[in-house]
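Okay, structure first, notes after.
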Amino acid sequence: MKHFSIAIDGPAGAGKSTIAKLLANKLKIIYVDTGAMYRAVALYCINNEINYNDKESIKNILDDIDIKIVYKENNQRVLLNGKDVSNEIRTNEVSRGASAVATIKEVRIKMVELQRNIAKGTSIVMDGRDIGTYVLPNADIKIFLTASVEERANRRYKELFQKGVNCSLEEIKNEIKQRDKNDSSREFAPLKKAKDAIEIDTTGMTVEEVIEKIVKLIPKDFYN
Ligand code: DC
């Protein structure tokens, strides 16, 4: 079987990770969540009292940050300097920090090298913001997932509510808008739909419907 790659990009909350994970399981290939890497950099800054907006300081400590992606029972785990931080990186503060550190070119170059190395020699589904445009420009299938701000905020609100986190829908909506702005307006490798990507607006669609739509785009000989 030939190796193949599927790039899934889109704004925060469009359903990328849910869809990418299920798709990878269905196709029995690896799923790489690249956002987790930027989150690990942000967590390092927070833990070491480095302001995540302080670009110069972050550039200077980049060599102290070692990020590894490993798989445990089919689930991606992120190791930051040897410690599994996969759960710690899911807070709102880390989300904000990740969006900030992701604007630094040197941070991106380091993460992209890691991402391309993982993608070498294996079939993968990789999700992020710049996978189809920059990390894997030759990906076999490129998907750009979107959804309205309202829908994305509602999904996030429900997710947090189920976890018992108390928050306001309005606050979440504003955070999502701010992250969209940060991610798409940065200079280096911003969030952008690749020319050859297929856009799917998931507003009002179920996860199963989205998966079905993507599977139909994949040539059968890729995974049979
Ligand atoms: O997908 P996520 O929410 O976990 O990503 C966290 C942040 O990392 C997001 O605000 C933008 C950044 N990011 C990026 O710039 N490029 C990627 N390939 C993945 C994430």
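No lab work stands behind these numbers, since they all come straight from the coordinates. Keep in mind it's a predicted model, so treat the numbers as computed, not measured. Positions of Cβ are generated from backbone atoms using ideal geometry, with glycine treated the same way; all protein chains shown enter the neighbour counts.
What to note about this one:
- Modelled spin-label separation between Glu187 and Glu56, with each label point placed 7 Å from Cα along the Cα-to-Cβ direction: 1.6 nm.
- Distance between the range 203-224 and the range 120-181 - C-alpha centres, whole angstrom: 18
- In the range 1-86, the trypsin sites (Lys or Arg not before Pro) that fall in loop regions by DSSP, at most 13 other Cβ within 10 Å: Lys2, Lys28
- Kirkwood hydrodynamic radius of the range 61-184, Cα pairs, Å: 16.6
- Sequence-distant residues sharing a close amide H with Val125 (under 5 Å, placed H): Ile6, Ile30, Tyr31, Val32
- Radius of gyration and maximum dimension Dmax of the range 1-113, Cα, Å: 14.6, 48
- Rounded D (µm²/s) - the chain, Kirkwood Rh over Cα pairs, Stokes-Einstein at 10 °C, 1.306 mPa s: 89
- Taking amide hydrogens as placed 1.01 Å from N in the peptide plane, the amide H of Asp130 sits under 5 Å from that of no residue at least 5 positions away in sequence or on another chain.
- Residue range of the chain that is longest and free of GluC sites (Glu not before Pro) which are both DSSP loop and sparsely packed (at most 15 other C-beta within 10 Å): 74-186
- Contact order, relative form, for the chain: 34 percent (alpha carbon pairs under 8 Å, 6 or more residues apart, mean separation divided by residue count).
- From phi via Karplus (6.51, -1.76, 1.60), per-residue ³J(HN,Hα) for the range 58-65 in Hz, x at Gly/Pro: 5, 4, 6, 9, 4, 5, 7, 9
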